[in-house]
Structures are given as C-alpha cells and as structure tokens.
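Scroll down for the structure; my scribbles are underneath it.
Each reported figure results from applying straightforward, stated rules to the coordinates on display, with no laboratory input. Note that the structure is a prediction, hence the values are computed from the model and not measured. A quick note on method: Cβ atoms are made from the backbone with ideal geometry, for glycine too, and the neighbour counts reach across all protein chains shown.
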Amino acid sequence: MNFHNSLAFAQSLDQVDPLQELRNDFLFPQQNGKPFIYLCGNSLGLQPKAAREVLGQQLTNWENLAVEGWFEGDTPWMFYHKALKGQMGELVGATAAEVCPMNTLTVNLHLLMVSFYKPNVKRFKIIMEAGAFPSDQYAIESQVRFHGYDPETAIMEVAPRPGEYTLRTEDIISQIKEQGEEIALVLFGGVNYFTGQWFDMEAITRTGHEVGAMVGFDLAHAAGNVPVKLHDWGIDFACWCSYKYQNSGPGGISGIFVHEKHFEDTTLKRFSGWWGYQEAQRFKMEKGFLAEAGADGWQVSCTQVMPMALYYASLQSFEKAGFIHPLRAKSETLTAYLFFIIDEVNKALGYDQYQIITPRTTNDRGAQVSIIAAEQGKLVFKKLVANNVLGDWREPNVIRLSPVPLYNSYEDVFRTGELLLSISKEIL
Ligand SMILES: Cc1ncc(COP(=O)(O)O)c(C=O)c1O
C-alpha cells in the first residue's frame, strides 16, 4: 500500500477498517481532560469496558454464595477456568485441552521447566536469545543452578552480530545445530520485548527437535499479538502473561500450553498441587498425586477466580474481532504505517534522528516499533507523554511504541508522528 503522511489519509484508512468500532469497547486513560493516544499495549493493555461487569458478577457470586460459589451459581468456580480454555486455545493455535489459565508468567516458566528441562551429564544446556526479558534470564539461571549446573557453561545465548540489534534466524539455527546433543532445552521468547523481533518459532522448534532437545516459548509479547500455531508447530510447551496484548489487567493471570503429545508421558516430573489432581477425585482428599488430563494437570493452587474473570472479559473482545487473523491483518498495516510515519519524521528533520531497531519485514515483527533516538531520547519520550502520547521507555535508550489493532487507529499513528516532529523541532 502507498502510504501518505496526512490526517485525511489516516482517517480514510480508519473509515474502511472493519475493526474500528472495537476501540469503543476500551477505556482510555486521560490527561488534562483528553484521552491518551495509548501505544503501550505491549506493556499493559487497556481495560475492556466489560471487565467491571464480569468481575462484578463474581463479586456478587461471592457475596451471595460465599463458599457455595465453588459448586453453585451461574459459573461455579470449580470449573471457571474451562470457560476460558477454548478461546485461549484459539488465540495461540492450540486445543482447549492443551491450555490452562493459572498463576503468573515467571511462576509458570519455572513449573514448565521443572517438567521439560531434564538435564543429564551429556545433555544439560539451555539455548536462549541474548537480551531476553530479565525475569526469563533469572528463572533459567536458577533452574540451571537448581539442577547443579553452572549457568556459565549451561546457558548458551544467541546474540545479534556486531553492529546489529536483532537475531538472524540462520545464526539461531546454526548455534542450535552446533551445540547439538548437549542441548536439553531451547527456550526462546516468541517476540523479543526490547526489539519487537518475532522469531521464526517454527524453524527454531524444528531445529531444536532435530537435535533431540525440548522446545519451549515465552509468549509474553506474542500471544494476542501475532498468529502462532503452538500445536501444529509441535512446540513442547509455552506460557504467556495476559496483561499485555490480552488486556486482562495488571498482574493478570498467565496461560500455559503443553502439547498433547506429552499428555500420556508419566516420566515428566512436576511440582504438583491439589488443583492439578484428577478433577473428579479431587475432593476425596486422598494421598498420592494423580494428574488431571492435559494442561490442567499442571495446575497447583485453586482457581484464581477474580483474575480469570478479567481474562474472560478480555477474551470476549478477541472473539468479537474474529480472533487473531483479522487483528493481525490490521496490525500488519497499522504497524507498517508507524514505520512510514517515523521515516517521514526523519525526512522532515533532514537526518536519521530516530533509528528503528525492530525488523521491518512483516513476518519478523508484531505490533511494536522500538526506536533509538540519536539525541535526547529520554526528553523526547517525556514530551510525548506530556502531550498525551503514551508509549514506554526501556533502558538504556529505547522508546517502544505499540499500535494495537483492537484499540488503536491510523489517526493515532499519524498524530504521534505529527507530535514527534514538533517535539524534535522544539528541542533539537
Ligand atoms: C518476556 C517476558 N517474560 C517474563 C515477564 C515477567 O512476567 P511476570 O512478572 O508476569 O512473571 C515479562 C513481563 O513483562 C516479559 O515481558
């Protein structure tokens, strides 16, 4: 598509956007009586208007039923997670049995590594992306130590080449092949939090399996952002938080995926709890753990009804959108428009003040554009916020802007560019 840097053009794209009405289903934060242009859905998604009612329904059930709410009422809490599983699976390309909402992301990373990182003297390495989100780094280091290995020798990071910001798929593949039979686990992000790079998950999985390793993904920045096919790609396990692109609120519940090929594997170790016990027998309170079938067998504690209610509310907006494919179709163009608009700002300034480090190729990125300012990056960011454009700042020097197809418009993107140019002219 040939883009134009004009309000009329942006508005003309909004007019033909089949998803344009969806933004009315969300609450936008305000400043000085004006809503923000919210470009921070990669960090914390906006509140769906439905959230208050769905949460309120559970507060009412708690009020009216108290403990009886576990088995009584319109949505007995004992089975509440089941209401989410179909839609969660739809969003990540999995069956309902392969996914389960539970805990929070880093906790789930640990629980899944307990099952799928099975090091031995010959095969003990974990291969991951350099610059992964710190929580993943800490979780992986601590798992390696827990098994008695040294992170220095057990963790292999694939890094960008000198002078580059993102990883080349060929380098990921060749490093997996090189480490070969020493790799116990390949554990990557789906989309990197800093650069916004979407990794070739299918190729990584295929290569990991070729060398006999388990393959898992942290989908914090991928789930609800890009189309993934966890089941078809044969990924062993994955987990994600639902508070970014999936709008389930701060500290929202995480989701896990375990491929059905592992359902019958009784050799997999788990850190168990009563909620992973076979549902039909759970309240017999008997000794000796018997896992519930599927991903549900990885549950540990009882259903977190309130965070799940918020996730449930949020999943309804994905259902309304037709799930990930219509959203992705809009996202591809919307984000491409943001690339174009930033290029236009540089053109107007006469030099590359804003360097985009996110890959431009559609298949290598989601809805995030990461920018490094040549000068005064932090001040530029602060001025954007002061003027009602909310992205986020990631140390040491990156401004991340995420146009989210559920609630952002082409006009949002155009106006962000307009503001970026005027701020740049004012301060540089
Ligand atoms: C890629 C990634 N992994 C892990 C985390 C940590 O998530 P949590 O604090 O919910 O465990 C985040 C949070 O932003 C993240 O982006």
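Working from Cα positions, state the angle (0 to 90°, nearest 10) between the long axis of helix 134-146 and the longest principal axis of the chain. That helix lies at roughly 30 degrees to the long axis. Among 403-410, 196-203, 213-220, sorting by the average number of other beta carbon atoms lying within 10 angstrom of each residue, highest first, gives 213-220, 403-410, 196-203.
Working from Cα pairs under 8 Å separated by at least six residues, relative contact order for the chain is 23 percent.
Mind checking the alpha-carbon convex hull of the stretch 128-243 and giving the volume per residue in Å³?
Numbers: hull volume 12.3 nm³, N = 116.
With only Cα atoms used, the stretch 128-243 gives 106 Å³ per residue.
The antiparallel fraction among DSSP beta bridges confined to the chain stands at about 60%.
Computed from backbone phi with θ = phi - 60° and the Karplus coefficients 6.51, -1.76 and 1.60, the 3J(HN,Hα) list for the stretch 56-69 is x, 4, 6, 5, 5, 4, 5, 4, 7, 10, 6, 4, 5, x Hz; x is used for glycine and proline. Across the stretch 404-417, rounded Karplus estimates of 3J(HN,Hα) from the backbone phi angles (6.51 cos²θ - 1.76 cosθ + 1.60, θ = phi - 60°) give 9, x, 5, 9, 9, 10, 5, 5, 3, 5, 4, 5, 5, x Hz, Gly and Pro being marked x.
Taking the DSSP beta bridges with both ends in the stretch 180-247, the antiparallel portion is around 10 percent. Partners of residue 347 within straight-line reach, counting aspartates and glutamates whose Cα lies under 18 Å from its Cα and excluding those fewer than 8 residues away in the same chain: 375, 418, 426.
How would you rank 81, 325, going from fewest to most other Cβ atoms within 10 Å of each one's own Cβ? Each step should come with its number before you reach the end.
Working: 81 24, 325 9.
Placing the least packed residue first, the sequence is 325, 81.
Between residue 348 and residue 120, the contour length at 0.36 nm per residue exceeds the Cα-Cα span by 76.3 nm.
How big is the convex hull of the Cα atoms of the stretch 216-338, per residue, in Å³? Don't skip to the answer; put the middle values down first.
Working: hull volume 16.0 nm³, N = 123.
It comes to 130 Å³ per residue, whole-number rounded.
Maximal additional length on extending the residue 287-residue 66 stretch stands at 76.8 nm, based on 0.36 nm per residue less the C-alpha distance. Diffusion coefficient (Stokes-Einstein, Kirkwood radius over C-alpha pairs, 10 °C, 1.306 mPa s) for the chain: 70 µm²/s, rounded to a whole number. Computed from backbone phi, the HN-Hα couplings of the stretch 248-257 come to 9, x, x, x, x, 5, 8, x, 10, 10 Hz, rounded to whole numbers (Karplus: 6.51 cos²θ - 1.76 cosθ + 1.60, θ = phi - 60°; Gly and Pro given as x). What is the helix-to-structure angle for 169-179, meaning the angle in degrees between its Cα long axis and the longest Cα principal axis of the chain, kept from 0 to 90 and rounded to the nearest 10? So the inclination is approximately 30 degrees. The Cα center of the stretch 114-134 and the Cα center of the stretch 309-370 differ in position by 31 Å.
Please work out how much length the chain gains when fully extended from residue 6 to residue 28, using 0.36 nm per residue of separation minus the C-alpha to C-alpha distance, in nm with one decimal. Let's see the in-between values first.
On the way: separation 22, 0.36 × 22 = 7.92 nm, distance 2.40 nm.
In short, 5.5 nm is gained.
Stokes-Einstein D for the stretch 294-428 at 37 °C, 0.692 mPa s, Kirkwood Rh over Cα pairs, in µm²/s? In µm²/s, the coefficient is 195. Centre-to-centre, using Cα atoms only, the stretch 372-415 and the stretch 227-275 are separated by 31 Å. A DSSP coil position with no more than 16 other Cβ atoms inside 10 Å describes the following GluC sites (Glu not before Pro) in the stretch 77-171: 164. Any chance you could give the angle, 0 to 90 degrees and rounded to 10, that helix 82-92 forms with the longest Cα principal axis of the chain? The angle comes out near 50 degrees. For residue 129, the amide hydrogen comes within under 5 Å of the amide hydrogens of 158, 189, counting only partners 5 or more places away or on other chains and with H modelled in the peptide plane. Considering helices alone, the calculated mean residue ellipticity of the chain at 222 nm is -11500 deg cm²/dmol, with DSSP H runs of length four and up weighted by -39500 (n - 2.57) and normalised per residue. Within the stretch 276-347, the trypsin sites (Lys or Arg not before Pro) that combine a DSSP coil assignment with at most 12 other C-beta atoms in a 10 angstrom radius are 287.
Relative contact order, whole percent, for the stretch 1-57 stands at 27, derived from Cα pairs under 8 Å and 6 or more residues apart. Within the same chain, aspartates and glutamates fewer than 8 places from residue 287 are excluded, and of the rest, those with a Cα less than 20 Å from its Cα are 279, 296.
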